[in-house]
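Student: Pasting a structure below so you can have a look.
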Amino acid sequence: MVTRTRFDDSECPVARSVDAIGDWWSLLIVRDAFDGSRRFGEFQRSLGVAKNILTARLRSLVAGGVLASVPASDGSAYREYVLTEKGKELFPVIVALRQWGERNFFAPGEAHSELVDRRQGERLRPLEVRSADGRRLDPDDTAVHKVATP
């Protein structure tokens, strides 16, 4: 069995974030949670993932504070999975992946889902990285600096 490399003590925020999310199944679970899925069966039907894999990913997302397991909203014996505040902070990540995928993996005119503003019914503007003073930044405009520990 291959041992998974852990990055939970890395100095890199990207590495720690990837460590917390785990894999692509987890990101798709988070995507589905944003789309309204709450129950195990809803995630399973949407993703077509094996139950043992889904169980492991849901447990990991709950343990990591991305999802919370709560009593079913209809009062039944079932449990539901809801995004925590930490999980909701992944919204820009999901939007960025969606927009990147739309630009790079669909032919012009090819059918795909799109995310729209509920109130306006319009597509979202492309995400942009901005400086503190509002300038649009590209990768060449940024640098990584280590933050000193107090």
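Student: What dipole magnitude, in Debye to the nearest 20, does segment 13-141 give about its Cα centre under +1 on Lys/Arg Cβ and -1 on Asp/Glu Cβ?
Tutor: Numbers: 20 positive and 19 negative charges, 83 e Å.
Computed charge dipole of segment 13-141: roughly 400 debye.
Student: Continuing with this model, one more query. Could you sort 55, 5 by their accessible area in this structure, using a 1.4 Å probe and putting the largest first?
Tutor: Values: 55 40, 5 90 Å².
Correct descending sequence by accessible area is 5, 55.
Student: Strictly greater than 18 Å: what percent of every Cα pair in the chain meets that?
Tutor: The proportion of pairs with Cα distances above 18 Å equals 68 percent.
Student: Please list 45, 103 from largest to smallest accessible area, probe radius 1.4 Å, with all protein chains kept in place. All intermediate terms of the calculation are to be shown ahead of the outcome.
Tutor: Numbers: 45 175, 103 150 Å².
Ranking 45, 103 by accessible area, largest first, yields 45, 103.
Student: Moving on to the next point. For residue 17, tell me the accessible area in Å² from a 1.4 Å probe, rounded to the nearest 10.
Tutor: Solvent-accessible area, nearest 10 Å²: 70 Å².
Student: Name the lysines eligible as straight-distance cross-link partners of residue 146: C-alpha to C-alpha under 25 Å, and not fewer than 8 places from it in the same chain.
Tutor: Candidates past the 8-residue exclusion: 86.
Student: Shifting gears a bit: Ignoring ligands, DNA and RNA, what accessible area per residue does the chain give at 1.4 Å, in Å²?
Tutor: Details: 11390 Å² over 150 residues.
Roughly 76 Å² per residue, with all protein chains present.
Student: Taking 25 Å as R0, compute the FRET efficiency from the Cβ-Cβ separation of residue 125 and residue 15 and round it to 0.05.
Tutor: Working: r = 29 Å, r/R0 = 1.18.
After rounding to 0.05, the efficiency reads 0.25.
Student: On a 1.4 Å probe surface of the protein chains, which of 43, 34 comes out largest in accessible area, and what is the full order? Please list the in-between numbers first.
Tutor: Details: 43 0, 34 55 Å².
The residues order as 34, 43, largest area first.
Student: Within segment 13-141, what whole-number % of the accessible surface is contributed by carbon and sulfur, with the 1.4 Å probe and all protein chains included in the calculation? Walk me through the numbers on the way to the answer.
Tutor: Working: 4850 of 8930 Å².
That share works out to 54 percent.
Student: Provide the packing ranking of 19-29, 117-127, i.e. peptides ordered by the mean count of other C-beta atoms within 10 Å per residue, highest first.
Tutor: Values: 19-29: 17.4, 117-127: 9.2.
Averaged packing, sorted descending, gives the order 19-29, 117-127.
Student: Need one number: nm distance between label points at residue 56 and residue 115, each 7 Å from Cα along Cα→Cβ, rounded to one decimal.
Tutor: Between residue 56 and residue 115, the label points sit 2.8 nm apart.
Student: Among 76, 132, 56, pick out the residue whose Cα is farthest towards the positive end of the charge dipole of the chain, where Lys and Arg carry +1 and Asp and Glu carry -1 on C-beta, about the Cα centre.
Tutor: 76
Student: Quick one: check the C-alpha center-to-center distance for segment 121-139 versus segment 44-118, whole angstrom.
Tutor: Computed from Cα coordinates, the inter-centre distance equals 23 Å.
The values are calculated or read from the model by the stated rules, or taken from the named source; none is laboratory data. Bear in mind that the values here come from a model prediction, so they are computed numbers and not experimental data. Backbone-built Cβ (ideal geometry, glycine too); neighbour counts: all protein chains shown. Quick note on the areas: whole protein, heavy atoms, side chains included, nothing else; ligands and nucleic acids left out. Shrake-Rupley method; radii C 1.70, N 1.55, O 1.52, S 1.80 Å.
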